[in-house]
Amino acid sequence: MAIWQRLKHQLEALQPCLKCLLCDETTESKRLPICTDCESELPWLREHCSVCALPMHGAGLICGECQKHPPVFDKVVAPWSYSFPIDSMINRFKHHAQWPLGRLLGDLLGDYVQHNFDDGLARPDLLLPVPLTPQRQRQRGFNQAQMLAASLSNHLHIPVLNHGLTRIIEAPAQQGLDAATRKKNLRKAFLVAPETQVQGLHLALVDDVLTTGATAQILSRLLLKAGAARVEIYCLARTPKPGTLLDLY
């Protein structure tokens, strides 16, 4: 075993370092195409709501909205605020099929979630990507949430249930809408697939961005109604509350 380990390390040492996808400089890593400087300058979520991950001033607090109207999901796990350059990276991946960026984001999210596991976060039994309608998925060519879930599955060794949820109605574009309007648009938009068995399971929904939480709330409620014991949200980024200016770095 020791010989094979030495050979593995020698082969890894021969591999060239990668180019950073953000600045095109050579990285210090042979695994992730992002340099240390660019990674450190991403808008990492520091102080945030301990339930919905809304950026806040103060660690370990619960935001006013979660206190007044506790969500049905248990927790949001998100590494970044939805601001530059993460917003641009997600949009280029999601709307322009820049898959290397998607793979990088998925790998970084996997590292972040693993760090949370190491700090005591319970591991879910299954990952479920937020679905697109078949028409939207055909138009885009892929579901970004499925790609992120696949990356997390490989990284964390947690199985993915790709077709556990179905989107049957395409709501109008949600960007820029308030929570009440988003919720109204999403009513009856989703179903738990009839063959889906989630009784007593701890589940994690996977998506790219959490804005108002309307989609996460509706899907979590459906899964809990189907028998799930607990639902969490794993996403790349959390949008700040409109009109707030927070030091996120």
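I need the shape label for the stretch 97-156. Rule: rounded when a/c is under 1.5, else prolate if a/b > b/c, else oblate, with a, b, c from the alpha carbon gyration tensor.
Oblate, since a/c reaches 1.5 and b/c is not below a/b.
Please compute the net charge surrounding F117, taking Lys and Arg as +1 and Asp and Glu as -1 over other residues with Cβ under 14 Å from its Cβ.
Numbers: positive: K75, R123; negative: D111, D118, D119, D125, E232.
Net charge around F117: -3.
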(message) What distance in nm lies between label points placed 7 Å from Cα along the C-beta direction at L224 and Q135?
(response) 3.2
(request) Identify all aspartates and glutamates with a Cα-Cα distance to K94 below 15 Å; exclude those on the same chain that are fewer than 8 residues away in sequence. (result) D207, D208
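Mind scanning K75/K241; K30/K75; K184/K225 and naming the pairs with a C-alpha gap bigger than 23 Å? Could you put the intermediate results ahead of the total?
Values: K75/K241 18 Å; K30/K75 33 Å; K184/K225 19 Å.
Listed pairs above 23 Å: K30/K75.
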(request) With r as the distance between the Cβ atoms of T36 and A193 and R0 = 41 Å, compute the FRET efficiency 1/(1 + (r/R0)^6) and round to 0.05. (result) 0.45
(message) Can you order the peptides 64-75, 138-149 by their average number of other Cβ atoms within 10 Å per residue, highest first?
(response) 138-149, 64-75
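Every number here is computed from the coordinates shown, using simple stated rules; none is lab data. Computed from a predicted structure; not experimentally measured. So basically every Cβ, Gly included, is an ideal-geometry build from the backbone, and we count neighbours across all protein chains shown.
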